[in-house]
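Visitor: Take a look at the following structure, please.
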Amino acid sequence: MNENQINSSGFNRRDFLRGGSMAAMMAFMGGVELFAQTNAAPPGGEVKPGLKVKVAVIGLGTWGRDILKTLARLPIAEVVAICDKYAPSVKRASGDAPNAEQVEDYKKILENKNIKAVVIATPTHLHKDLVIEALKAGKHVYCEAPIAHTVEDAKAIAVAAKAAPQQVFQPGLQLRSDPQRHFLLPFIRSGALGAWVMARAQWNKKHSWRNTSPKPEREKELNWRLDPAVTLGMIGELSGNQLDQAAWFFNAKPTAIEGSGNIAFWKDGREVADTVQATVHYSNGVFLTYSGTLANSFDSDYEMFYGSDSAVMLRGSNAWLFKEVDSPLLGWEVYTKKENFYKETGIVIKAGASKSADQGASTAPEEPFTNTPLSYALGNFLRNAFDIATAVDDFKASFGDDDAEALKEHLAKVRRQPAAGYLEGYQAAVTAIKAAEAVKTGKRVELPADLFTV
Amino acid sequence: MKRKTLIAVQVLAAVALALPLSAAERLGAKPGSKMRLEGTSNIHDWQVEGKLIGGYIEVDQNFPLEPGKEAKPGKVEIKGEAFVPIRSMSSIEKDGRPYSTKMDDIMYEKLLEATNKRITFYPTELVLKEAAKDKTAPYVYDAKGLLAVAGVTNEVSFPVNVVPQGGDDKRIKISGTANVKMSQFKIEPPAPKIALGMIKTGDDVKIIFDWVVGPPKKSAQ
């Protein structure tokens, strides 16, 4: 998905209310709470049996292993190789991909023509060369977010991805593939919240961020997040999805960031803050306040979007609407499921839960493990890789390969599963890098509009 | 028996393709083509569109390559193939917006995409009915040929308009509409299981195409 597609959505309040009224009627007829959308398609869309994309995972730390576990559950994914330069990490991950080739040199992955796609989950500062080489090798590339730890690296990646229209490049902005967010987007853009007021995001977890190893050099590698020379710190490494989501929902770019951070609890000699706060100002005049800590896990992670009529809270793939007493009646919310939050009543807004309505269940079932934002992001990546590769083959079979412009034009029209592209990846990385700078220096960092262009 | 007939037709098409045309001009597919399938159902009409039509034709010197060129009435010698990769087609709303990937998958399944990746037309006959009245007007022909869909080949005929575009690349737009039935190609009209199976698709399908062809690019000196 590119920026134009997002901007051209053309949502308005009338469109949303029309959809909401239909959903309300359906809910009323069934006598159950409103779940405003039919079952969401599985990750990667409806995938026919046998449709497989051969994929390799490079970087097998904690997150790389989570990715591997998720891929193992996706019907479209055939993990044929796993790679990490540290052999014990490869061995440790092999249980989740027992049939995959175990590799310590990523070049072997890039040379293997059988492998069509790679997922890069190495430390952030190692992304650039890997992504550029993988794209040059003709691979479809999924690169974890943030895509880079410097603006220069992020731009180099974005430029390389832009120059490779025959391949899919997807940054790890998983919320951009989440059906719940896509269900919410027209709701939010249609003005159902009233005038924008502000937003808030939080990430709390009690965790040292420190890993140990008997080998000092390995321990240094493992603790790259605590290395001031390469890390973006808490806000840079962890807030990428949340800040990107705000830019997406606001349809606006960050213009300035103020931040601060301190070492509140983990006084183990580290120089990287374990507790951070930031205010991100957006071009629509609204700001988002962010806070995060590694010293307390209360209330975990969530995002709040406040309008003059109502507020929306997002936690994982769940969302609730909190209305002001003087806000206009939308109609459908009367029939929806409600949940209490202390003295507030939250109206459940949830995509893909109509199964519970069918079954007459009073609460939405927990989604299966595979249907997380990460599984949608990876599933959509592989499906898009398959569809783009098919479109390239079809085009070349039809017209040869001497008209690159016509091919590019053709590929731009290929239907894609929702996913972030190089531009969103670059812009999210720039925001994360500048947020890290604001937290580190304690100074306001301006973000001119031209910083976000590729 | 049916299988033997099919093989015989395919062999005939292959033989026809192998025969040389005297003083033939070879025109290859170029970007800018479009094929649209239109059909009906008991709830609303449906449409499917694709932008890829590959292949080539070889035509004799009586085929108009330039706008306003004189063309003799009667037959034009022709051979070649025009094909549409099935996966390049997708369902759309009437206004062109994407419709449904589920519908696409139903279409691919009905067209036996797994084993027959393309819809292919082998032209066998082209007869000029009406020469162009001016440089922008079409030459009108009656076309005949073999249409292969989902592993079944049938002879079809339909009128086509040929409009030479001129210019440096001398592209030619060949447009037409052919009416076929799904049952001709042993395709059972889809009846999706949604809506209690009440949705019934009509047997008739209209194939509307704009195929752009042109001579090979001249290599740089």
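Since every read-out is calculated from the coordinates, none of them should be taken as a lab result. Small disclaimer: the values here were computed from a predicted structure and weren't measured. We place every Cβ from the backbone using ideal geometry, glycine too, and count neighbours over all the protein chains shown.
Visitor: For A:K205, list the lysines whose Cα falls under 19 Å from its own Cα; do not include residues on the same chain fewer than 8 positions away.
Guide: Correct list for A:K205: A:K267.
Visitor: With just the Cα atoms of the stretch B:92-221, tell me how far they stretch along each of the three principal axes, in Å, largest first.
Guide: Principal extents (Cα only, largest first): 59, 34, 30 Å.
Visitor: Quick one, can you get me the convex hull of the C-alpha atoms of the stretch B:2-214 expressed as volume per residue in Å³?
Guide: Convex hull of Cα atoms, per residue: 127 Å³.
Visitor: Give me the one-decimal Kirkwood hydrodynamic radius in Å for the stretch A:378-437, with the sum taken over alpha-carbon pairs.
Guide: On the way: mean 1/r = 0.0743 Å⁻¹.
Across the stretch A:378-437, the inverse of the average 1/r is 13.5 Å.
Visitor: Once the cut-off is 20 Å, how many percent of the Cα-Cα pairs in the stretch A:141-214 end up in the long-distance tail?
Guide: 61 percent
Visitor: A follow-up question, please. Take the alpha carbon atoms of the stretch A:238-321, find their radius of gyration, then divide it by 2.2 N^0.38 Å using N residues; give the quotient. Mind dumping the intermediate values first?
Guide: Details: Rg = 14.4 Å, N = 84, 2.2 N^0.38 = 11.8 Å.
Rounded to two decimals, the normalised Rg is 1.22.
Visitor: List, in the order given, every pair from A:K113/B:K30; B:K133/B:K181; A:K116/A:K396; B:K110/B:K200 whose Cα-Cα distance in the structure shown is over 23 Å.
Guide: Where the Cα-Cα span goes over 23 Å, the pairs concerned are A:K113/B:K30; B:K133/B:K181.
Visitor: Using every alpha carbon pair in the stretch A:250-292, what percent of pairs falls into each 10 Å bin from 0 up to the bin containing the largest distance?
Guide: 28, 37, 23, 11, 0
Visitor: On average over all directions, what projected area in square nanometres does the stretch B:31-135 have, based on the convex hull of its Cα atoms?
Guide: 9.1 nm²
Visitor: Tell me which aspartates and glutamates have Cα within less than 19 Å of A:K215's Cα, excluding those fewer than 8 residues away on the same chain?
Guide: A:K215 reaches A:D84, A:E104, A:D227, A:D268.
Visitor: Here is a follow-up. Just need the Rg to Rh number for the stretch A:58-206, please, alpha carbons only, Kirkwood Rh.
Guide: Numbers: Rg = 17.7 Å, Rh = 17.1 Å.
My calculation of the ratio gives 1.03.
Visitor: For A:V80, what charge total do you get from the other residues with a beta carbon under 15 Å from its beta carbon, if Lys and Arg give +1 and Asp and Glu give -1?
Guide: Values: positive: A:K52, A:K54, A:K108, A:K113, A:K116, A:K139; negative: A:E78, A:D96, A:E101, A:E111.
Surrounding charge for A:V80 is +2.
Visitor: How do B:L65, B:L111 line up, fewest other C-beta atoms within 10 Å first?
Guide: Sorted ascending by nearby Cβ count, the order is B:L65, B:L111.
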